[in-house]
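**Student:** Let me give you the structure first, and then I'll get to my questions.
The values are calculated or read from the model by the stated rules, or taken from the named source; none is laboratory data. All of these numbers come straight from a predicted model, not from anything done at the bench. No Cβ is skipped: glycine too gets one built from the backbone with ideal geometry, and neighbour counts run over all protein chains shown. Ligands, DNA and RNA are excluded from the accessible area calculation, which covers all protein heavy atoms including side chains. Shrake-Rupley method; radii C 1.70, N 1.55, O 1.52, S 1.80 Å.
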Amino acid sequence: MDRKDFLKNTLIIGGASMLPSNSIFAASVTEGGIDKLVDANGNFIQQVLPYAENYLEPGMDAETMHLHYTFHHGGAVKAANNDLKKIKEALDSNNLETVDYWTKKLSFHFSSHVLHSIFWTNLTAKQTSPTGELLKRIEKDFGSFDKLKTYIAATSKNVDGNGWGILGYQPYSDSLSVLQCENHEKLTQWGVIPLLVIDVWEHAYYLKYKNKRTDFVDALFPILNWDNAAMRLDNALKLTR
Ligand code: MN3
C-alpha cells in the first residue's frame, strides 16, 4: 500500500466525519459507475463502510451499524459465495437435484448484497437534498420532492414482514419508480437500477427503535444521502441511455 492509498483507507475507516465530499467514497465503492461487488475471480466481496460505525448517530446507532454491516450484510456475502459454489458443483457433477434450491438462495443472498452495499452509501450525517437531473425527474414523475418523500416513507413503513423501500431508475420506461420489496428480491420490476434504498428488516432498527419501524423510517430521512442518489441516477443514465 503506498502513502496515498494508506491515507485514503485511513480516512475512510477512521475519520468518516472528515470525509470532504462524495468523490472519495464514490471512488472507493464504484468502478465504471457501478458498485464493485465481486473480485477479479467473480467472488462476492464486501466494501469497507464509507464512514465510522458511529458516524450516523443518533439516527443510526453504532452497535446496530456494527451488527448490521458485519453479520447481516457480511453473512449474505459469505452465503452468496457458498450458493455459487454449490451451483458450480452441481453443474460439474451433473447432479441437478438441489440446483433449484441454491439458485433461489443465490437470488436472495446476492440481492441482499446489492441492496446493503447501496444502502451504506445512501446514508450521511451531512444535510442533502435532490439536485440536478434527479430533482428534475422527481418533479416530473412524482410531482414534487415532498410527494416522493411521503410516497417512499409510506411504502417503506408498510412492507409486509422484512423488506425494503426502493427508489429506482427504470430504463425501459425511462422513469423513476418506487418499489416495495419483500425480503431482498421479491416485488421488483425487471431492469430497475436502485438509487436509494431503505432497509426495514427488523435487524436494521430493533435495538434502538424496538418495534417502532415508523419511528426508524422517520429518523432515517434526515440522514439519507440524496447526493449519492443523484450520482447513482447520472451513472444509471450513462449506462443505459
Ligand atoms: Mn439489512
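**Student:** Quick one: Ser173 ticks every box in (1) closer than 27 Å to Tyr55 by Cα; (2) part of a loop (DSSP other than H, G, I, E, B); (3) open to solvent by 30 Å² or more (accessible area, probe 1.4 Å) bar one, so which box is it?
**Tutor:** The number of the failed condition is (1).
**Student:** Sort out which residues of the range 111-150 are within 19 Å of the chain's Cα centre (by Cα) and of a type in the set (Phe, Trp, Tyr), and write them in order of number.
**Tutor:** Selection gives Phe119, Trp120.
**Student:** Can we say Asp199 is modelled with pLDDT of 95 or more and closer than 17 Å to Val114 by Cβ?
**Tutor:** Working: modelled with pLDDT of 95 or more: yes; closer than 17 Å to Val114 by Cβ: yes.
The answer is yes for Asp199.
**Student:** I would also like to ask the following. Which one of the conditions (1) touching a residue at least 40 places away in the same chain (Cβ under 8 Å); (2) within 16 Å of the ligand (Cβ to nearest atom) does Phe216 fail to meet, given that it meets all the rest?
**Tutor:** (1)
**Student:** Looking at the range 35-76 only, could you name the residues that are β-branched (Val, Ile, Thr) and either in a loop (DSSP other than H, G, I, E, B) or in contact with a helix residue (DSSP H, G or I) (Cβ under 7 Å, 6 or more places away or on another chain) (or both)?
**Tutor:** Selection gives Ile45, Val48, Thr64.
**Student:** I would also like to ask the following. Just to confirm my filter: which helices (runs of 4 or more DSSP H) fall fully inside the range 186-241 and include at least 3 residues that are surrounded by 20 or more Cβ atoms within 10 Å (Cβ to Cβ)?
**Tutor:** Here the list reads 213-220, 226-240.
**Student:** Sticking with this structure for a sec: For the range 35-87, which positions are within 15 Å of the ligand (Cβ to nearest atom) and acidic (Asp, Glu)?
**Tutor:** Glu53, Asp61, Glu63
**Student:** Among the listed residues Leu237, Leu207, which satisfies the condition of being at pLDDT 95 or above and under 23 Å from Thr128 (Cβ atoms)?
**Tutor:** Leu237
Let's see how each residue does on (1) out of contact with any His (no Cβ under 6 Å at 6 or more places or on another chain); (2) more than 19 Å from Thr30 (Cβ to Cβ); (3) modelled with pLDDT of 95 or more; (4) outside the structural domain of Trp164 (by TED's automatic domain parsing):
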| residue | (1), (2), (3), (4) |
| --- | --- |
| Glu63 | yes, yes, yes, yes |
| His72 | no, yes, yes, yes |
| Lys88 | yes, yes, yes, yes |
| Val99 | yes, yes, yes, yes |
| Leu106 | yes, yes, yes, yes |
| Ser111 | no, no, yes, yes |
